[in-house]
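The values are calculated or read from the model by the stated rules, or taken from the named source; none is laboratory data. Nothing here was measured: the structure is a model prediction, and the numbers come from that model. All Cβ positions, even for glycine, are placed from backbone atoms using ideal geometry, and neighbour counts span all protein chains on display. Just so you know, the surface numbers come from the protein's heavy atoms only, side chains and all, with ligands and any DNA or RNA stripped out. Shrake-Rupley method; radii C 1.70, N 1.55, O 1.52, S 1.80 Å.
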Amino acid sequence: MKDSIKVFAPATVANVVCGFDVLGFAVDAPGDEVIMRRRDQPGVVITKITGDEGRLPLDPAKNTVSASVQHFLHHVGREDLGFEIELHKKMPIGSGLGSSSASTVAGLFAVNKMLDSPLSQMDLVPFAMKGEELACGTGHADNVAPALLGGFVLIRSYDPLDIVRLPYPESLYCTVVFPHVDVPTRDARQMIRTKVMLKDAVTQWGNVAGLVSGLFLKDIDLIGRSMKDILVEPVRSILIPGFEDMRALAMDAGAVSFGISGSGPSVFSFVRDRETAEKIASLKQQHLRSLGIDSLAYVSTINAEGPRVLD
Ligand code: HSE
């Protein structure tokens, strides 16, 4: 067994507008890094966290990375082993980019690799979902599954868990803009109505099916016209400054789609080429600046690989 490993896991865009809790994809950047080392005593400890401005717990029972690694060790019958973890946050927390998922997935991928991969990446998903439960109260998989598997993912069912990897047009770019306002997933989930009208459900599942068909057919127009959310976006978008103006700017500049990334406040667009993607990112940022709000922007293609060993 190796003595140490350094791993990267990517940020993810969950929901993909119409697929609340059932669709997500990974991006190339940003992402988090974990360095994991063997230690002599059994148990998992967090020795260092950087980039979190002191917001994440060092207590191994409360930190999503150590807690999910501990679950994994219990499952594979190796609680005799000990590991120390350094977590380097390279992405904003509470951004809607799957920040806790990227950290948890990096930790699970690292420990699984150190043990010569007793579990497949698909089999790691339930352990990563435990981390989500700790972070935001529910174990949804639409961030952790794409972070672990890469690419575009459908959670066809939660019970039993049934995850499907979807094809997608490889030429598609994604521009994500994170406005510097805090929207914790736990709070953003509590805002959503728990009952919906049948006619709204019909509209929504038509769009989800349209998006999945568009991905299979690599029909970017169908993808764009299916990315509409009448259930969740109308409620959550209220928390995002300049949301409708940013939509108009993006769509006028040629975006395929516009919507909230995960539970927000990040917004994202699919765009047909890098140049337009960068222009759209900068238009959204300019608009946020005019409202007195700083932001970060990321432009990338969809990440096919998921987590990777750095050295
Ligand atoms: N599906 C989850 C939600 C994703 O929208 O609450 C959170 O990133």
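If you roll a 1.4 Å probe over the heavy atoms of the protein chains, what accessible area per residue do you get for the chain, in Å²?
Values: 12920 Å² over 311 residues.
Result: 42 Å² per residue.
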Put Thr194, Thr50 in order of accessible area, largest first, probe 1.4 Å, and you get Thr194, Thr50
Using a 1.4 Å probe on heavy atoms of the protein chains only, the accessible area for Asp200 in Å², nearest 10, reads 30 Å²
Amide H proximity to Phe83 below 5 Å, modelled H, separation 5+ or other chain, gives Arg39, Gly43, Val44, Val45
Gyration tensor (Cα only) of the chain to equivalent ellipsoid, semi-axes in Å sorted down, yields 32, 20, 18
Measuring from its Cα centre, the chain shows a charge dipole (+1 at each Lys and Arg Cβ, -1 at each Asp and Glu Cβ) which, in debye to the nearest 20, is 220 debye
Rounded to the nearest 5, the percent of antiparallel DSSP beta bridges in the chain equals 85 percent
Ratio for segment 127-277, C-alpha Rg to 2.2 N^0.38 Å, reads 1.06
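Per-residue ellipticity at 222 nm for the chain, helices alone: DSSP H runs ≥ 4 residues times -39500 (n - 2.57), over residue total, nearest 500 deg cm²/dmol? Numbers along the way, then the final one.
Numbers: 10 runs with 114 residues, N = 311.
Mean residue ellipticity at 222 nm (helix-derived): -11000 deg cm²/dmol.
For Ala253 and Arg225, what is the calculated FRET efficiency with R₀ set at 22 Å and r taken between the beta-carbons, to the nearest 0.05?
Efficiency, rounded to the nearest 0.05: 0.80.
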Ranked output for segments 217-227, 115-125, 61-71 by mean other Cβ atoms within 10 Å, highest leading, reads 61-71, 217-227, 115-125
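Given a Förster distance of 45 angstrom, what is the FRET efficiency for Ala209 paired with Ser282, based on the Cβ-Cβ distance and rounded to 0.05? If you can, show how the numbers build up before the last one.
Details: r = 34 Å, r/R0 = 0.75.
E(calc), rounded to 0.05, equals 0.85.
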The alpha-carbon center of segment 142-176 and that of segment 256-300 are separated, in whole Å, by 21 Å
